[in-house]
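Where a number appears in this text, it was derived from the coordinates with a stated rule and is not lab data. Keep in mind it's a predicted model, so treat the numbers as computed, not measured. Neighbour counts run over all protein chains shown; Cβ positions are idealised from the backbone, glycine included.
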Amino acid sequence: MLTSRGGVVIVSGVFCLAFGFSTVNYYLVLLGIFLILGSVISMPYFELAVDLDNIEIKRTIDKEKVFSEDFVFVAVSVRNKGRLRIDYLEVFDTYPEIFTLVLGKSIMTTRLDPGEEKVFSYVLQCRRRGTHKIGPVKLVVHDRLGLHFEQKIFEVYTELLIYPSYQDIRKLEAMGGRRTLGRLFGIHKTKQKGMGTEFFGIRNYFPMDEYRRIDWKATAKTGDIMVREFETEKNIKILILLDTSMSMGGGLPDNTKLDYSIRATVLLAKLALERRDEVGVAAFSNKVHSYVKPGMGKEYFYKILEALANLEPQGGARMKEVMEWVLKRTPKRSFYILFTDLEDTSGEIIEACKLARANKNYLLVISPFGPWFEAYPGEMTPVQRALAEAISEELLEQRKKMMDELVKMDVEVIDVGPDDFLPAVVSQYLKAKKKGVALR
Amino acid sequence: MDSTRFKLSLRIVATVSFLSSLLVVLTNVWSHVLREVRFYDGSSNTWYTFYKIFEVWSPNNFGIFVGDLWRLIDFIFTIMVRELDKAAGQIFLPPLAQLSSNFYENILVLEFFAELFTSKIWFYPYPLSLLLSSVQMEYLIWPNLWTIVLGDLAITTLWSLYYFLFPLLLLVALITGVVFIWKIKMKYLVSSFICLQSTLALAALTQMVNIGLASNTLFFSSTSFFIQILYGGVTGAAISFLTSPLFFSALVSYLYVEIGFQVIYMDEVTSPALERRKMIEEQLKVVEEIALAPEELATDGGKEASKIPSTLSEEAIKFLRSIIEMKIFRKKKVEKEAVHDIRRLQAYVEKIYTEIPGARETLTAVAASPGFGKVARSAIVGTLLRVGGVILFSFMCFMVLLALKQFGVPLSIIESIEVSQPEAVLVLLLPIAFSFPMAAFIIGFVKEYGKKQTRKEEKSKEKKEKKKG
């Protein structure tokens, strides 16, 4: 195909020719002929040399699963499998708009000899969780003078799973979270003696007792062999219920109620797993979108991350049906943490909570309050602020009624905004653990 | 050869081709720009020759030129306003003009001052008594102006404009040519080429230029050009064709485009990789600089978060700002987060450099840059082949009469005035020019057909194997 450059040359040639004819000027006639022939003479060779099917394109990335805001190294290799040289090759690798190119370029201009392979790379930053595809690759081949071109789009895609952001956990770790929150056994204790580390009392030695438990000081004092006893530390099962209905999508881009809830879920899961609690997740709207049964271990954290990665706000919340579904699959006496904005007025939330409580589960509702996520009060005009306050008051009233109902069922409800979301969730979890909730 | 030397050689090549083309044009249109003045000095009994810039440039004549132009614009404008006003009452006039009952008079006062100014500065050629001062005078003078403006004045103005275009086009060609040499960009090459050739076309418009005609009248005069080829034989015609100044001039002009394109190609193929390398090295330097920035930027304590420390370089501040803008929705502590991001990026880059072999080379795309020597060699060979082909086929286009003779066309037609006109080249130019796209189309078709056949064979093989399986 002729490029715009080729078109300009041909038009100039025709113009020279026409002007030469009309003024009987052989110079212009000859120049016109030169230009016209010069723009078409290499066409057959170009057609012969360029065969885009002979070009092989491969893309590799350094990791297929990354956390949001992490970096990905993308390398693209182009190989000429043909027998003729490609003089002018442009390679454009495309990536979704939500990615940011932080280093390098996703474009390469080069020349490829037969059998030659060339590689270029770039670094992307992924900003939104979910499954994303890098690709396709667009290839444009020109002749040397850029008069003709051919292009092809290679449907080469690389899938990348982006987990929710790990930033909050990093911050927590940086603050010495590991040490302060205790990596081994938790704060929670039972009044059952066992294999823990918290001192319970001293008693006489019985055969089969471990020698290492002998308290030599007490033995020396009493004259009998005495052993120390410790409290048993017991871990609990936590199920995080995440409401992904449409209303949870409210808020600023990338900072919606759902985004905050997911960040809180990640943080909570990490904390709980480090404290050897069993953690599971159920994300739902009008149906259960993903469910991870409570479990322990590092791989569980990644299972939870994968379950959270592709969540999008959609549909309404059929909480009662969902709760029935979940209760069938989750052990009783679990600690349920429900993230919902309580904007469903059908009363299903109350029903669902009743069901959960009936199964002897402990229930904590973390409720992001919509208006606090829409805009920062400082950025509003007085009129907007007045309107927001009116809406907030109405919503608050509605929520208060619902909360009263829930409190009657011994369900704790916490109102959160973007600023106190994560700290509130962490402190509620720690508080619940101290209280010794959901113990069997 | 390093990149700087390579670019310098590209610029030298571009300069040589541009100057050659400029020289060809200048030698042919020089008489339109400069006028030769000869005078005899009786005391020393010698003739002196010197060149004077064409009359249009002398202050007096330029004054006339400006005056003519002013009168023309004035005339068109006044007629336009009057006719519009007539046609649509006062709707078209601005509110201020509608308020004033003597709208024309206001315009005429303005005209008066403008004309007075031009007459003082540019030796206005018309007596001041003719200057317009009232509506009555305007209407009185309009019929005379009509004939004056559209008569001699219009012709004078046109000629002034015509001669004015030569130096103007040459100046633009010179400027764009220099910019092309410096930047090596397509648009400058095309504009300088068009400007250069436009001067020749403009000269040809008035039959004031006919390149090579003086020294090669026999070959390129319209009546005998084809005849000579017809009776002089191919070899003789080729020698005459290739040695004629006209061919040389056209070839030099064409070579400017051809070499210009080749230079652009060489630059476009080699530069991006070099620029990319430079850009990434700068980016990394900036990343490192920000990563080592004072701690108060990265922590909450100390300065306000909205203040970027002035100790950073301009590039670093720009880079940091761009990262901050990406996080625009996170209103709080964005600078702090941006710096953290950059620090993580630095750590990540260090990690990939150690973990992924060749990461640095692929990131900077050093390997993607083709060798300068290779590119230059293929460009030279390619240019020679292309130009050789173009000359050969162009010569073939001029062999019209020979071709007609070979086809057995009657001599009365071959020797007719119509056939001896330059348009006759179309007889061969069109088939020759169209044969190339046609050949390309056939090649493409055969290739596609071959691929289809291979795919069919592969499918049938697969089917057979499946059946066997």
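Taking 7 Å along the Cα-to-C-beta vector as the label spot, tell me the residue A:159-residue A:252 distance in nanometres, rounded to one decimal.
3.4 nm
Please report how far the C-alpha centroid of the stretch A:44-90 lies from that of the stretch B:1-31, rounded to the nearest whole angstrom.
Value for the Cα centre distance between the two parts: 36 Å.
Other chains' Cβ within 10 Å of A:97-110 residues: what's the mean?
Values: counts 0, 0, 0, 4, 0, 11, 10, 8, 9, 0, 3, 7, 11, 9.
Average per residue, whole number: 5.
Just to confirm my numbers, what's the Cα centroid distance between the stretch B:403-469 and the stretch A:235-298 in Å?
Cα centroid to Cα centroid, the span is 67 Å.
Sort B:267, B:341 so that the residue with the fewest other Cβ atoms within 10 Å of its own Cβ comes first and the one with the most comes last. Each step should come with its number before you reach the end.
Numbers: B:267 20, B:341 23.
In order of increasing Cβ crowding within 10 Å: B:267, B:341.
Pick from A:139, A:30, A:267 the residue whose mean-square fluctuation is largest in a GNM of chain A, springs joining Cα atoms under 10 Å.
Per the Cα network of chain A with a 10 Å cutoff, A:30 tops the list.
How high is the relative contact order of the stretch B:372-468? Use alpha-carbon pairs under 8 Å, at least six apart in sequence, and give a whole percent. Numbers along the way, then the final one.
Details: 25 pairs, mean separation 23.2, N = 97.
Averaging sequence separation for qualifying contacts and normalising by length gives 24 percent for the stretch B:372-468.
Hey, got the average number of other protein chain Cβ atoms within 10 angstrom for residues in B:193-203? Before the final figure, lay out the partial values.
On the way: counts 4, 3, 0, 0, 9, 2, 0, 6, 9, 1, 2.
Partner-chain Cβ atoms within 10 Å, mean over residues of B:193-203: 3.
Please order B:413, A:366 by the number of other Cβ within 10 Å, starting at the fewest. Don't skip to the answer; put the middle values down first.
Numbers: B:413 11, A:366 26.
Ascending number of Cβ neighbours within 10 Å: B:413, A:366.
Between residue A:435 and residue A:332, what length comes free when the chain is fully extended (0.36 nm per residue of separation minus the Cα-Cα distance, one decimal in nm)?
Extra length available between residue A:435 and residue A:332 comes to 35.3 nm.
What is the calculated FRET efficiency for residue A:116 to residue A:4, with r their C-beta to C-beta distance and R₀ = 41 Å, to the nearest 0.05?
Taking R0 as 41 Å, the efficiency between residue A:116 and residue A:4 is 0.90.
With +1 assigned to the C-beta of every Lys and Arg and -1 to the C-beta of every Asp and Glu, and no other charges, what is the dipole magnitude of the stretch A:48-163 about the Cα centre in debye, to the nearest 20? It would help to have the intermediate numbers written out before the result.
On the way: 18 positive and 18 negative charges, 39 e Å.
Charge dipole of the stretch A:48-163: 180 debye, to the nearest 20.
Nearest 0.05, what FRET efficiency do residue A:306 and residue B:412 give at R0 = 60 Å with Cβ-Cβ as r?
Computed FRET efficiency for residue A:306 and residue B:412: 0.10.
Take chain A, connect every pair of alpha-carbon atoms lying under 10 Å apart with a spring to form a Gaussian network, then pick out the residue of A:382, A:418, A:294 with the largest mean-square fluctuation.
A:382
At a Förster distance of 25 Å, what's the computed FRET efficiency of residue A:385 paired with residue A:407, Cβ-Cβ distance as r, to 0.05?
Working: r = 30 Å, r/R0 = 1.21.
Once the sixth-power term is evaluated, E becomes 0.25.
Over the stretch A:267-310, what is the mean sequence separation of C-alpha contacts under 8 Å (at least six apart), divided by residue count, expressed as relative contact order in percent? Mind showing how you got there, number by number?
Working: 54 pairs, mean separation 15.7, N = 44.
That works out to 36 percent.
Tell me, which longest segment in chain A has none of the GluC sites (Glu not before Pro) that fall in DSSP loops with at most 10 further Cβ atoms within 10 Å?
A:211-440
Using a Gaussian network for chain A with springs between C-alpha atoms less than 10 Å apart, which of these wobbles most: A:249, A:32, A:135?
Among A:249, A:32, A:135, the largest mean-square fluctuation in the Gaussian network model of chain A belongs to A:32.
Rounded, prolate or oblate: pick one for the stretch B:372-468, where a ≥ b ≥ c are the square roots of the eigenvalues of its C-alpha gyration tensor, a/c under 1.5 means rounded, and failing that, prolate if a/b is larger than b/c, else oblate.
oblate
Quick one: grab the alpha carbon gyration tensor of the stretch A:48-163, order the square roots of its eigenvalues as a ≥ b ≥ c, and give me rounded if a/c is under 1.5, else prolate or oblate depending on whether a/b is larger than b/c.
The shape class here is prolate.
Rounded, prolate or oblate, given the Cα gyration tensor of the stretch A:246-360, with a/c below 1.5 counting as rounded?
It is oblate, given that a/c is not under 1.5 and a/b is not larger than b/c.
What share of the DSSP beta bridges in chain A is antiparallel, in percent to the nearest 5? Let's see the in-between values first.
On the way: 59 of 84 bridges.
Of the beta bridges lying entirely in chain A, close to 70 percent run antiparallel.
So, in nm, how far is label residue A:173 from label residue B:43 when the simple model puts each one 7 Å beyond its Cα toward the Cβ?
Result: 9.9 nm between the two label points.
Give the relative contact order (percent, whole number) for chain A; include only Cα pairs under 8 Å separated by 6+ residues.
Values: 850 pairs, mean separation 49.8, N = 440.
Answer for chain A is 11 percent.
Once you average over the residues of B:420-433, how many Cβ atoms of partner chains fall within 10 Å of each Cβ?
Average neighbour count from other chains, rounded to a whole number: 4.
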